[in-house]
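Everything on this sheet refers to the single structure shown next.
The values are calculated or read from the model by the stated rules, or taken from the named source; none is laboratory data. As the structure is a computational prediction, the values presented were derived from the model and not from experiment. Virtual Cβ from ideal backbone geometry, glycine too; neighbours counted across all protein chains shown. Just the protein is used for accessible areas: all its heavy atoms, side chains included, with ligands, DNA and RNA removed. Shrake-Rupley method; radii C 1.70, N 1.55, O 1.52, S 1.80 Å.
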Amino acid sequence: MRTLIAYRTKYGTAAACARTLMEKMGGDTVLADLADARDVDVKDYDIVLVGGSIYAGKIQRGVVSFCEKNRAALLQRKVGIFLCCLYQGEDALLQMQSAFPDWLLAHAFARVFPGGEIHYDRLTLLDRLLVRGLPHPPGDLSRLNPGVLDELAAAARALGS
C-alpha cells in the first residue's frame, strides 16, 4: 500500500517525527513537507498520515489548508493524525480538537501525540517571548515519546495487510 506522510513543521520536531514514521513504515512511503509540496495528489495513496505542531495554540496553516483542500480524497483514504505539542492527556486532546477539523478527527483510524520539544536557541524573538509565558523556565525542553510513532506505524501497516 502506498503511504503519504504530509506534515508541516516550524522548528523541526514534526519533521523529525515524520522522518521517523517513514523509516518505521518502510515500503512505498513518501514524505511531503506541506511548506513545499502544495500539489501532492492524495488520490495516489492508500494511507495518509497528517501531522504538524502547535505554536501559540495553533497548528500551521499549511496543515489546515491541506486537509480542507483534500477533504473528499481524505475521506476515501485511511488517515492517521499526529500532533506534536508539549501538552499531555486532556490538554493535548483539546489541542488536537482545535487543530484538526471535526470531520477528519472522526474519520481517522489513529490520533496520536508524539510529544514536543523547545530548542530555545532556534526560536524567533517573538517565540522566545511566548515561551517565557510557559510554566517552565526558558531553555531547551523535550517531551518526546517515540513509542507513540511505533504504534501509529504499526496501526497503519496493519491496515495494509
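By how many nm would the segment from residue 98 to residue 71 grow when fully extended, if each residue of separation counts as 0.36 nm and the alpha-carbon distance is taken off?
Separation in residues times 0.36 nm, less the Cα-Cα distance, equals 8.0 nm.
Run through the DSSP bridge list for the chain and note the antiparallel percent, rounded to the nearest 5.
That works out to approximately 15 percent antiparallel.
Along the three principal axes, how long is segment 1-72 when you take its alpha carbons, biggest first, rounded to the nearest angstrom?
That works out to 36, 27, 17 Å along the principal axes.
Work through the residues other than residue 60 whose Cβ is under 9 Å from its Cβ and net out their charges, Lys, Arg +1 and Asp, Glu -1.
+4
For the chain, report the accessible area per residue in Å² (1.4 Å probe, heavy atoms, rounded to an integer).
For the chain, the solvent-accessible area averages 52 Å² per residue.
With each run of n ≥ 4 DSSP H residues scored as -39500 (n - 2.57), what mean residue ellipticity at 222 nm is computed for the chain after dividing by its residue count and rounding to the nearest 500 deg cm²/dmol?
Rounded to the nearest 500, the figure is -11500 deg cm²/dmol.
For segment 49-130, with all protein chains present and a 1.4 Å probe, just round the carbon and sulfur fraction of the accessible area to a whole percent.
On segment 49-130, the fraction of accessible area on carbon and sulfur atoms equals 54 percent.
Bin width 5 Å, origin at 0, all Cα-Cα pairs of the chain: what percent of pairs per bin?
P(r) for the chain, in whole percents per bin: 2, 9, 20, 23, 21, 13, 7, 4, 1, 0.
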